[in-house]
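Derivation of every value follows stated rules applied to the coordinates shown; laboratory data play no part. Just so it is clear, the model here is predicted, and its values are computed rather than measured. Heads up, the Cβs are rebuilt from the backbone with ideal geometry, glycines too, and the neighbour counts pull from every protein chain shown.
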């Protein structure tokens, strides 16, 4: 143990700077991988832009227009240059800037994922805490069963079943689209099911671990009542690993959102990307992937900031 | 014993389901009543056997081409399982290797590998799978396995890396390195076996995950090409026919659910047994209510001692249903201002006794008999609320390891203030001042700075002093000190003890000092209890006991201390660093 | 008959109902509103999105919109569909596939090469420009290739170069280089554009459509196109104010939306979904057999099928086409000719190639024994294509073939079909007619060079050319009769499997909606009551 005094403010800046540099590297890596993977699989976007059966000359003319006739590395370089300037290229099919296209549908996905994440936290955190309060008790057992069941269900199956009951049979809720607030219910439920299960276990786990730490014993020795130990002493410690898990889950939520968008025809980036793949609209696919990756990286950066804030060790730059 | 822990109801259910799954996989051709691919369009959409319009030959109905749903489920099990298992095996092999390399060699190897993992994690997997699978002409089992393994290796790599980072610092690795073993040898012959339990558990969990992912991919239309069947493709078919044949979607969904559930249940059970560190199931045994006899809580005269412990017995239940006695019929008393020492080796029950007095027993333990009276008030059978009123104010405790006993996310000053605010009616600012005074009282040089610091920012000695400050903040009548100096170096140890001694003398607090170190006991206590195996073997004034121990065990203890101090090595080592 | 007050009340109620439907007000609120209006409004039946009078129709389609608005440079059905409502043509197709006057009030054939058209007066384009003969001239000359374009427009393959001669503002003559039999039918899907727009160049035509149709394009998103009523349409304003088209690929999702009340009309309903529609009182289904044919196309320029009629016949006899039609259900019919139902001059052929494995085996033996081949099938477009191909695989493998089934999404299928390396030996594909004319059904698929099947058969070519050149019904009947027999018995470049079921779902309060066999519907008379 060493007493630090000078490292306090420098630690945070250094930590965040390092994470930021890592984030940039990751984004660059994603750009490379997307670009090459898309182009090295068979399928010619030019051919899909002309009526089927068109002559080779016609197809070649389109290739020139799209720029896909150039050598691969040249295309990549142009792409990178554009990327740095914030230009994600132009859609092959719609001849609109990819950035516009993607940003126009992005809020829908963001809303879906955000609401799902919030909802999941709102449900999972209290349940996890309640379970941790009396380990082995009735609540705990019920919650654990719920959690393990939730993690075992295929989420799209839940989604389709929900639509079958609530939209088709009962007519209570909309089946597609995101026009009204009510349309959020089924998609969010579908997306949240597995997430809630995972988060419950995480919260419960972190709380139990925190509760088994020595400082809880000290607090009890001080005469601190259980409720305070729970919600003040343990929770603040438990929040730290929880925040990390939430960061990791953001990636899975985004992935899950794609399937949900398909089921509910949610006009988000997932649908856009799926269609872009069918039409070999590479710039759009790339744009979506880049955006999702950036979102993921930013979310994790925020998580890191939250982590640094919550964990004084990190905040004050102590060496482990 | 392990089997018993393993065979919890959940795990048994899981194993049964898995056995069923395996049976389907191995004996599909024999079990399935029909061929899964034989099309009979005239018989399409027959409902399951309990519905009208069904055909008794087709238990679960038929699909859109007249194929038997049940047979397809059974054969689908084989494909789904095969794909998921293969993918997990590849992902594990690759991920573990990579994780080993990253964790063991660290440095740039670690950086590169982890950045690649980061990139992959940032990548929306579904899109990647889509891009690849939607353009490959043939979606064979192999293609899907590769895509799944590709998605999964990162999880294994990360977890393994984390474990290896910890393992490589351990004694046995250092020892092997000192012996000149090659890195490869160490990695695969030493570290790998140590982390194997974690690897296995994670592999099982990911198996469940990949089964789900395979079904998701099939659902979007990227499943294995017909005529091969997997549960995922069955689900996809079912969705298209939802209006006509709900059974086509429900049964495969149920099958997937049960399989994944089974794997999760078994994985949890395995985790519990193989690697409790993972604490996945975290099944905590229900705490038994204290079976103590309720004694009348009479307030007796001031004349009686501060603390009277009478015939106290504490038991801990075992996994196989029995219990073990940690403390057997222990009795002692502490007068106001008196200092009692409790000495014994680890396992003697001294710490358990102390914890029991404070009411801080681990949830599994329970008082089977006896009474504890503090200032005449019976503590056994009291509720937590009642105990909380006594703790901190009537009695307080300081613990062995101050670095873990202090809450790492709250400032030291705050932790002291909390104790004050809990038991005294003062304002916040008053509490803050009191806290600073307390810090001064325990000889901390810069109380303001320390109060503003987090525990990890101050030295071990200061942490211990802070803990003492917390304990003494409300002027308790009784202070229990459990091995208060074990975790500190020798010089600080002596310092702290002396300071504590002065403080106690000034405040007139009664003390129970627990230690394995007879020297410490001899110097600072008035009376001493010698414990062994949960029982008090000898008790009496310290000076007498030290001078003339009667019980052979006490004699051994003394002899061990003397030999260490005397510098002559004996065969015995009675001094063990106890964990209570 | 409604008074103006009654009308106002109806509108108010309709407005409130719309709000209820959109979830903007609660049911109780709705009741309060309508009660205060003194109107005994019927409580919306079931569901949160029950029926209500509205002038906004939502139409869900199953094909993604084409990349641009040039009407002459694609073969996408969705393109023709939406163009039907944005543009007008000289003649229009009716629901029974016959023709009626459109922008042309009447027409006569002056000589074998020339037709004269009397045009309607007082027609305007969406941008206000008046419609005259000059517009017809410019449109037809462009569409037919008389005015060359680079690259060659897709539409030209349906035409022969045709010169437009403006007689006066309301009279125009069309003169083809050589006789073009199908010309009137071809005019039925050649949209008339403004000469000024055409002069502005191809890019302008691709950017924005400007027609004389009942609706104007006001919203252009990749998956949602919004059309609004054109008040000065020559037939009078349409009943609907807005018509919004949305692409949703998944048939189940389209149906769910319809059942939940979030769409008014949906396209391409799978016959199996009838059960769900029948179970819902607010939704209806209309269904016909379309002039759309689904077949197995052979690569006629590649072994083993290219030169081996016996093998092709083995395939024909070896497929259980009746069961395949049953798999789809609805109004699907087993194909009995290369010309589908509703196409002029079609006739049932014989033998019907009913499922006969023994005969198939005999043909296979005659053709040299068991053969391995790969069949590429597109998924996600024709309903049950996957299932049909799986049954086909089972059938043919039992006969003695070794068929490898490759399922591809549409883009990859197109790639495979037209790829330079010509992978695969057979394909599952479909072709829908948008008029009754038989030329449309055969020219692209079969006429060399450039036939999609890779065929190059002199007799077919000659017959197709003859049919195209003649405008005498009796002669055309003879020619196409001979062509069908030749294709069915002597050439078999493809084995027709079925004539598609065409089904559309719509909510009960949608009136005036008719199902056109060509799948190119006119929304002008449609309203929501």
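Before moving on, here are some points about what is shown:
- Pairs of alpha carbons in the stretch A:205-288 whose separation is greater than 17 Å (percent): 63
- Principal-axis analysis of the Cα atoms of chain B puts helix B:552-566 at an angle of about 80° to the longest axis.
- The stretch B:362-408 versus the stretch C:235-258: alpha-carbon centroid distance in Å: 72
- Calculated FRET efficiency, residue C:472 to residue C:286, Cβ-Cβ distance, R0 = 51 Å: about 0.90 to the nearest 0.05.
- Counting only other chain Cβ atoms within 10 Å of each residue's Cβ, the peptide C:242-254 averages 4.
- Cα centroid separation, the stretch B:447-468 to the stretch A:241-285 (Å): 49
- In summary, the stretch C:73-119 shows an alpha-carbon radius of gyration equal to 1.36 times the 2.2 N^0.38 Å reference for compact globular proteins.
- The stretch C:421-436-the stretch A:147-195 distance, computed between alpha-carbon centres (Å): 39
- Quotient of C-alpha Rg and 2.2 N^0.38 Å, computed over the stretch A:72-113: 1.38
- Label-point gap, in nm, between residue A:305 and residue B:543 - each point 7 angstrom along Cα→Cβ: 6.8
- Directionally averaged projected area (convex hull, Cα atoms, chain C), nm²: 25.5
- Overall dimensions of the stretch A:177-320 as given by Cα atoms, namely Rg and Dmax in Å: 20.2, 67
- Relative to the current alpha-carbon distance between residue C:76 and residue C:165, full extension at 0.36 nm per residue lengthens the span by 29.0 nm.
- Note: the stretch A:5-319, Cα convex hull, 172 Å³ per residue.
- Overall form of chain B per C-alpha gyration tensor (a/c, 1.5; a/b vs b/c): prolate
- For residue B:377 and residue A:145, a Förster radius of 51 Å and the Cβ-Cβ distance give a FRET efficiency of 0.75, rounded to the nearest 0.05.
- The protein assembly as shown, helix-only ellipticity at 222 nm - DSSP H runs n ≥ 4, -39,500 (n - 2.57), divided by all residues, nearest 500: -15500 deg cm²/dmol
- FRET efficiency, 1/(1 + (r/R0)^6) with R0 41 Å, evaluated for residue B:433 and residue A:21 via beta carbons: 0.35
- Mean per-residue shielding of peptide A:261-267 is 5, counting Cβ atoms of other chains within 10 Å of each Cβ.
- Binned Cα-Cα distance frequencies in the stretch C:289-502 - 5 Å width, integer %: 1, 8, 16, 21, 21, 18, 11, 4, 1, 0
- Principal axis extents of the Cα atoms in the stretch B:405-464, from largest to smallest and rounded to whole angstrom, are 31, 22, 15.
- Modelled this way, with points 7 Å down the Cα-to-C-beta line, the labels at residue B:556 and residue C:465 are 11.6 nm from one another.
- The angle between the Cα long axis of helix C:458-469 and the main principal axis of chain C comes to about 30°, on a 0 to 90 degree scale.
- Degrees, to the nearest 10: A:138-152 long Cα axis against longest axis of chain A: 20
- Computed log₁₀ I(q)/I(0) - Debye formula, equal Cα scatterers, no solvent, the protein assembly as shown, q 0.04, 0.07 Å⁻¹: -0.36, -0.87
- Distance between modelled label sites at residue C:397 and residue A:78, nm, 7 Å Cα→Cβ extension: 4.6
- Overall dimensions of the stretch C:88-207 by Cα: Rg and Dmax, Å: 13.5, 38
- Summarising the strand pairing of the protein assembly as shown, around 70 percent of its internal DSSP beta bridges are antiparallel.
- Cα gyration tensor shape for the stretch A:196-246, rounded if a/c is under 1.5, else prolate or oblate: prolate
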